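The values are calculated or read from the model by the stated rules, or taken from the named source; none is laboratory data. Because the structure is a prediction, the values reported are computed rather than measured. In this analysis, Cβ positions are derived from the backbone assuming ideal geometry, glycine residues included, and neighbour counts consider all displayed protein chains.
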Amino acid sequence: MSDVLLQMFSLGFLGVVLLKTTPLLFAAIGGAFTQQADILNIGLEGMMLIAAFTAIAAGATAKSWVVGVLAAIGAALLISLLYAVLTLLLKADFIVVGIGINLLAAGASVLIMLILYNSPGATPPSATIELPKWFGQTPLVYLALLSVAVFWFVLYKTPFGVHLRAVGQDLPAATAAGISGVRVKFVSILICGVLCGLGGAQLSMATLGTFTAGMTAGRGFIAVAALTFGRARPVPTFIAALIFGLTEAFADLLNVKGVNSNLANMTPYVITVLALTFAAWDLGKRRRVRAAAAHA
């Protein structure tokens with residue numbers, strides 16, 4: 001056990017923590033953008049999953065990690081556009097559409113793998129592409145850390161950030177002030193798609209450079225938990241994502257050392273269930289308060 005503790009304070013372990021945190025952080029910051037607009041985006045999982053597959057399929061075909069990353073962003077952006085159209089223009093329920101997006105991504109990725117590679121489980125060894133390493137980490141790790149600062153700047157120092165917070169806090173008042181709630185929410189969903197695309201690319205291209213069915217393994221929901229604990233604010237959301245990344249890295253370390261890591265593996269998902277329960281309760285409470293205010 002002392003071996004495990006020594007490993008936890010090594011630079012190598014810190015590198016693994018950053019590796020595990022990056023996909024979660026991208027998705028959590030993306031979800032925080034929509035949460036600021038009062039949209040609990042359950043579709044983060046599906047956006048990441050389709051991006052992870054597209055990154056490998058396009059990147060391996062073009063033999064370029066840049067093409068893979070751009071393709072991942074494009075795929076997630078298309079999914080987020082579908083999400084925005086269904087919810088904002090066709091007035092479908094955000095939660096129901098998010099679940100549908102997750103199911104669509106899971107099914108579509110398996111179907112396309114069957115068509116392209118005749119394999120429903122994983123891309124073949126011939127279709128691999130990895131991200132380069134800069135000082136031991138992929139470029140997307142540094143970009144994920146930068147996204148926290150960018151999110152803070154956009155949220156608190158730009159007109160769009162003011163509009164985003166106004167729409168999320170009091171839509172009728174924002175509308176009365178001349179702010180288009182639909183436009184602000186639409187943009188926030190598209191931004192979320194871009195960030196989930198980057199998260200999916202990191203997930204599939206950072207180490208093995210391959211895609212396996214369902215490889216997001218609930219990380220989109222963990223990202224929702226992170227932004228919920230962080231109240232959709234930049235630094236707290238980053239800290240929450242980092243804690244989840246640390247938990248994942250710790251579970252992997254225990255596995256390598258031959259220690260039973262079932263409890264460590266289970267922890268992120270238990271916390272996620274609690275966070276989603278809290279998010280649903282908080283959302284219902286805010287709606288009741290607004291309804292009461294509207295009838296006052």
Helices (runs of 4 or more DSSP H) enclosed by the range 178-293 - at least 3 residues per element that are at pLDDT below 95 and among the hydrophobic types (A, V, I, L, M, F, W, C) = 219-229, 234-256
request  = Working only within the range 13-46, note down all residues that are surrounded by 24 or more Cβ atoms within 10 Å (Cβ to Cβ) and either of a type in the set (Phe, Trp, Tyr) or touching a Ser or Thr at 6+ places or on another chain (Cβ under 6 Å) (or both).
outcome  = PHE26, ALA28, ILE29, ALA32, PHE33, THR34, ALA37, ASN41, GLU45
query = Which numbered condition trips up VAL97, out of (1) within 20 Å of the chain's Cα centre (by Cα); (2) part of a loop (DSSP other than H, G, I, E, B); (3) farther than 16 Å from GLY200 by Cα?
reply = (2)
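For the range 47-103, what are the residues that are polar (S, T, N, Q) and surrounded by fewer than 18 Cβ atoms within 10 Å (Cβ to Cβ)?
If we filter the range 47-103 for residues that are polar (S, T, N, Q), which is where we start, we get 54, 61, 64, 80, 87, 102.
Answer for the range 47-103, where residues must be polar (S, T, N, Q) and surrounded by fewer than 18 Cβ atoms within 10 Å (Cβ to Cβ): THR61, SER64.
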message = VAL4 - would you say it is of a type in the set (A, V, I, L, M, F, W, C), at pLDDT 95 or above, more than 19 Å from GLY218 (Cα to Cα) and surrounded by fewer than 21 Cβ atoms within 10 Å (Cβ to Cβ)?
response = no
note = The number of residues in the range 165-177 that are modelled with pLDDT under 95, small (Gly, Ala, Ser) and assigned to a helix (DSSP H, G or I) is 4
